[in-house]
Amino acid sequence: MTLHSLAFELEPFREPELHAMHLAGEVSRFGIPGFEFYLPLGCVPTRNQRAQSLLPLMRPGRTITGRTARWVHVGGAAPKRAELSRRSGRPLLIDDLVDCRFRRLKSLDLTEIAGLVLTTPERTLRDLRREGHDTEAEALRALVEAPI
């Protein structure tokens with residue numbers, strides 16, 4: 001489990017201290033179970049902070065996909081499990097909190113945020129619709145359809 005602070009002012013504190021501060025209502029905890037992070041009260045996680053929280057999952061050939069990519073792109077409620085795809089079909093045991101599947105993705109369907117490789121908003125929207133996650137897709141639609 002990865003619990004840490006992504007806020008500069010909380011960096012001096014270790015996880016047990018941050019946890020105690022959370023229980024006392026002094027900081028907020030955000031993120032996907034197993035990859036949570038703390039921020040000062042009243043702060044809303046940025047896209048970069050959401051991406052940084054998942055960096056422990058990154059290895060060459062891995063891509064954050066599905067509901068997890070939606071969460072990084074637009075925020076909102078974090079999914080219960082991290083979703084990632086990888087180019088290799090070899091079995092991968094990461095964690096019970098991570099859904100991993102074999103999928104080759106085209107480079108034009110990928111983007112990088114704060115060092116995290118994930119599917120583009122457009123690709124993520126298509127994947128969510130195809131997999132029947134209409135509520136998740138709707139949360140992403142405004143970003144995809146926004147004029148540039």
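When the chain is fully extended, how far beyond the present Cα-Cα distance does E138 get from E15, taking 0.36 nm per residue of separation? Don't jump to the answer; show the numbers that get you there.
Working: separation 123, 0.36 × 123 = 44.28 nm, distance 3.49 nm.
Additional length available on full extension: 40.8 nm.
Would you mind computing, in nm to one decimal, how far apart the modelled labels at L97 and A114 are, each placed 7 Å from Cα along Cα→Cβ?
1.6
To the nearest 500 deg cm²/dmol, what mean residue ellipticity at 222 nm is calculated for the chain from DSSP H runs of n ≥ 4 alone, each contributing -39,500 (n - 2.57), summed and divided by the residues?
Numbers: 5 runs with 47 residues, N = 148.
Here the helix-only value at 222 nm equals -9000 deg cm²/dmol.
Any idea which of T68, G42, A20 is furthest toward the positive side of the dipole for the chain, if Lys and Arg beta-carbons carry +1 and Asp and Glu beta-carbons -1?
Projecting each Cα onto the dipole axis, the largest value belongs to T68.
Readers should treat all values here as calculations from the given coordinates under stated rules, not as data from a laboratory. Since the model is a prediction, treat every value here as computed from it, not as a measurement. Cβ coordinates were reconstructed from backbone atoms using ideal geometry, including for glycine residues, and neighbour counts include every protein chain displayed.
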